Structures are given as C-alpha cells and as structure tokens.
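*Asks:* Please read through the structure below; I'll follow up with questions.
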Amino acid sequence: MSDRTAVIMLACALTVLIAVLIGAAAGYLARRDHATYPAALTRAALAFAATLTLAATLTTALTDASG
C-alpha cells in the first residue's frame, strides 16, 4: 500500500470517527433536552449525515480548487 493510499484511508477513518462523535453528542444533548429516544436518535442520525455530507462537500471543493 502506498503512502498516499494510507493517508486517504486514515483521513476517511478520522472523518467517520468525528461524524460518530458529533452524532453521539447530538443524541446526548437531545436527551438532556427531554426529547424522546426516537427523537434523540433522529437528531443524532441527522447530525451524523450532515457531518459526512459536509466532509464530502469540502473534499470535493478542495479537490476541484487544487486542480
């Protein structure tokens, strides 16, 4: 495996880890706000998906900008 591939895989793993942590934090904060479990799970899933979408958008923008 080349160094470039290893860095890309590490970046992907880090992005997913950050998205999971953001989703967990959103679910926790929703429960602290007295939301039901399904509502908290929905908020956590939306935060997770939004984080991955933002990461993909930024990656695409940086790739296009770098040439």
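The values are calculated or read from the model by the stated rules, or taken from the named source; none is laboratory data. Quantities reported herein were computed from a predicted structural model and do not represent experimental measurements. Counting neighbours? That spans all protein chains shown, and the Cβs are built from the backbone with ideal geometry, glycine included. Each accessible area value is taken on the protein alone, full model and side chains, heavy atoms only, with ligands, DNA and RNA left out. Shrake-Rupley method; radii C 1.70, N 1.55, O 1.52, S 1.80 Å.
*Asks:* Exactly one of these conditions fails for Ala26: (1) surrounded by 11 or more Cβ atoms within 10 Å (Cβ to Cβ); (2) under 24 Å from Met9 (Cα atoms). Give me its number.
*Replies:* (2)
Per-residue answers, yes or no, for (1) surrounded by 10 or more Cβ atoms within 10 Å (Cβ to Cβ); (2) in contact (Cβ under 8 Å) with a residue 24 or more places away in the chain:
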residue	(1), (2)
Met1	no, no
Thr36	yes, no
Ala39	yes, no
Leu52	yes, yes
Ala56	yes, no
Ser66	no, no
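*Asks:* If we scan the stretch 8-15, do we find a residue that is open to solvent by 60 Å² or more (accessible area, probe 1.4 Å), in contact with a helix residue (DSSP H, G or I) (Cβ under 8 Å, 6 or more places away or on another chain), modelled with pLDDT of 95 or more and assigned to a helix (DSSP H, G or I)?
*Replies:* No, there is no match, as no residue in the stretch 8-15 is open to solvent by 60 Å² or more (accessible area, probe 1.4 Å), in contact with a helix residue (DSSP H, G or I) (Cβ under 8 Å, 6 or more places away or on another chain), modelled with pLDDT of 95 or more and assigned to a helix (DSSP H, G or I).
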